[in-house]
1. Which helices, taking whole DSSP H runs in the chain, have alpha carbons extending 24 angstrom or more along the helix axis plus mean Kyte-Doolittle at least -1.0?
2. Name the GluC sites (Glu not before Pro) in the range 2-85 that are in a loop by DSSP and that have at most 16 other C-beta atoms within 10 Å, would you?
3. What is the sum of charges around Ser38, taking Lys and Arg as +1, Asp and Glu as -1, for the other residues whose C-beta is under 12 Å from the C-beta of Ser38?
4. What whole-number value in Å² describes the accessible area per residue of the chain for a 1.4 Å probe?
5. Given labels modelled 7 Å from the Cα in the Cβ direction, how far is it in nm from Gln10 to Lys35?
6. Over the chain, with every protein chain in place, what whole percent of the accessible area is carbon and sulfur at 1.4 Å, could you tell me?
7. Within the range 32-50, list the residues whose amide N lies under 14 Å from a label point set 7 Å along Cα→Cβ of Asn23.
8. If you look at just the Cα atoms of the chain, how large are its Rg and its Dmax in Å?
Amino acid sequence: FNEFIGDKKQRDKLIRSIVDTRNYLTHYDKSLESKATSGSELLRLREKMEAIFQLCLLQALGFARTEIQSLLDRNQNLRHKLGKI
């Protein structure tokens, strides 16, 4: 779902943020604390991950890319989670 998430730089930043935050929250290593997402940024990260999961679920249920795009065009909440509003 690259076209819904952003360019390579944005995707790499998202992945790094997810990995760093997961590692910190899983291992509670103080050296990772500065890399971990927190506060309102953590909420946005969770929302984006939820939206990606929803897109993957739609695909797994057999929705075509065009149907997913149509749903995204009509669904303000999903666009907001992906940061498209």
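1. Helix filter hits for the chain: 39-60.
2. On the way: sites: Glu3, Glu33, Glu41, Glu47, Glu50, Glu67; in loops: Glu33.
Counting only loop positions with at most 16 other Cβ atoms within 10 Å, the GluC sites (Glu not before Pro) in the range 2-85 are Glu33.
3. Working: positive: Lys35, Arg44, Arg46; negative: Asp20, Glu33, Glu41.
Charge balance near Ser38 sits at 0.
4. Accessible surface, normalised per residue, equals 71 Å².
5. 2.4
6. 56
7. Once the point is set 7 Å along Cα→Cβ of Asn23, 32-37 turn out to lie under 14 Å by backbone N, inside the range 32-50.
8. When restricted to Cα atoms, the chain yields Rg and Dmax of 14.5, 45 Å.
The values are calculated or read from the model by the stated rules, or taken from the named source; none is laboratory data. Every value quoted in this text rests on a predicted model; they were computed, and no experiment measured them. Heads up, the Cβs are rebuilt from the backbone with ideal geometry, glycines too, and the neighbour counts pull from every protein chain shown. These accessible areas exclude ligands, DNA and RNA; they are computed on the full protein's heavy atoms, side chains included. Shrake-Rupley method; radii C 1.70, N 1.55, O 1.52, S 1.80 Å.
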